[in-house]
Amino acid sequence: MTELDAIIQHLNSAYDRPIRDPVWHHVYLSEPLVTLVSRPEMLKLTRIKQLGPGYLVYPGATHTRLNHSIGVFHLARRIIQKLVFSASCPSLTLIGVKSFLTAALLHDLGHFPYTHSLKELSLKEHEHLAALAIRGTDLGAYIRDAVGADPDMVASIIDEERIAPEGTELTLYRSILSGALDPDKLDYLNRDAYFCGVPYGLQDVDFVIDQLEPLPDYRLALKRDGIQAVETILFSKYLMYRAVYWHKTVRVATAMIKKGLYLSLRDQYIMPESLYGLDDESFVRVMQDSGSPSAEIIGDVSMRRFHKVLYDIPFDAENPTINQLSDMGVRTRLEAEIAHELKGIPGVAVDETDVIVDIPERVSFEVEIPITERGRIQDFPDAGSVFTTDVVREFTASLRRVRVMCRPQPGLTTEQTAPIFASAFGQTAADRSGFQV
């Protein structure tokens, strides 16, 4: 039996344990992977909501990182089943395929709770934490002995910061798991839309997978007819950011959690190491037990006691004040300055946690996937897509908003706050477009 025959036989016969999934219906795991899903490292993911505080806006959005991980595995298996039958598929190994599918299942193993709230903080990347867990515990031994995969390869597929040779099957597995049409994105767009009850994230997965094509140099490519699949995903991603991921209330909740955690880390009430391995509930408990005065606003989020947005303007990269605010230290100092000015308004009492400036990170709509047509290969931007550089720039610009929020203060008026916010962001008080009091 050739290696390819062994791979095909494995893909067709080893996965016979069905799991019911509301999005993909039956997902089939192998016996060793069923046991893997039941390990404590994976069960932790059942206690981490995929969308963090998103359920406060969309009550159905209580699906978990484990739900998502199983969906990613399902789509990864479908993709590799398609690719191995392609005439252009490069040489693969059975242990490599097993490692890829294991990586798809474990790709979120190192995820934090409220993950988007923890961005910009001095914490290890979740991919790095997943790789450490896979290589540094008995989990690696189980992956090797029971699953028949290579734990080092699994870790390297997940954590692209790990040095690995180019032009090998590892290159193909990485490009599948983290690319323009990766199973991660295909699952979370569909799953998040399903549980939020919105139509924006739905994708024609059958068509997407059918248009994928491996190249002999271990890159993943897309047939020309599949360009519309990428465009659909990009537009869906844009709409999901507008309606769900960056919904104004979700941004407020996220910013509150981030501010409380940042101040607690800065003042050393907690250390970064104490956050690794937590789920949603244990994260809130650790923050409450830390003794940090800043932890109160994290409890406020759970009780839906949200800060109120007072000021809302587009992100302007040409504004030097705004451009510096990606640095959490600079942002915190500006928040303190705004709080100090607000204290001068009669009847207003604010402290360091009461004023928060929220600046979402840059979202990428850029695509790097080769397009194939009659043996010719083009880069995606040159293949005739409507998603030109200018369109991508406009998409990004329309999503990013700078917001200032504050614990509700009775009696605050636009007339009182206009000069304060205008001064803080280098505007004139006459420009009222951003004021929302």
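Taking the criterion of being under 30 Å from Cys89 (Cα atoms) and assigned to a loop (DSSP other than H, G, I, E, B), would at least one residue in region 5-13 satisfy it? Within region 5-13, not a single residue is under 30 Å from Cys89 (Cα atoms) and assigned to a loop (DSSP other than H, G, I, E, B).
I'd like to know if region 120-129 contains one or more residues that are of a type outside the set (D, E, K, R) and modelled with pLDDT of 90 or more. Yes: one or more hits.
Step by step: first the residues of region 387-410, then only those that are closer than 22 Å to Gly179 by Cα and in contact with a helix residue (DSSP H, G or I) (Cβ under 6 Å, 6 or more places away or on another chain), then the one that is modelled with the highest pLDDT. Which residue is that? Among those residues, the one meeting the criterion is Leu399.
Tell me, yes or no, whether region 106-114 has at least one residue that is of a type in the set (A, V, I, L, M, F, W, C), touching a residue at least 12 places away in the same chain (Cβ under 8 Å), assigned to a loop (DSSP other than H, G, I, E, B) and surrounded by fewer than 16 Cβ atoms within 10 Å (Cβ to Cβ). Looking for residues that are of a type in the set (A, V, I, L, M, F, W, C), touching a residue at least 12 places away in the same chain (Cβ under 8 Å), assigned to a loop (DSSP other than H, G, I, E, B) and surrounded by fewer than 16 Cβ atoms within 10 Å (Cβ to Cβ), one finds none in region 106-114, hence no.
Among the conditions (1) modelled with pLDDT of 85 or more; (2) within 29 Å of Gly260 (Cα to Cα), the only one that Ala418 does not satisfy is (1). Looking across Ala146, Ala193, one residue alone is at pLDDT 95 or above, buried (at least 19 other Cβ atoms within 10 Å of the Cβ), under 27 Å from Ser38 (Cα atoms) and not aromatic (Phe, Trp, Tyr). It is Ala193.
Can you tell me which residue within region 386-408, out of those that are touching a strand residue (DSSP E or B) at 6+ places or on another chain (Cβ under 8 Å) and in a loop (DSSP other than H, G, I, E, B), is farthest from Ile297 (Cα to Cα)? Ranking the candidates gives Arg400 first. When Gly347, Gly277, Gly291 are checked against the criterion of being assigned by TED's automatic domain parsing to the domain that holds Val386 and on the phi > 0 side of the Ramachandran plot, a single residue qualifies: Gly347.
Residues that are under 30 Å from Gly375 (Cβ atoms) and β-branched (Val, Ile, Thr): list the helices (runs of 4 or more DSSP H) wholly contained in region 170-285 that include at least 1 such residues. Passing ranges, in order: 205-211, 227-240.
The values are calculated or read from the model by the stated rules, or taken from the named source; none is laboratory data. What you see is a predicted model, and the numbers here were worked out from it, not measured in a lab. Note: ideal-geometry Cβ built from the backbone for every residue, glycine included; neighbour counts use all protein chains shown.
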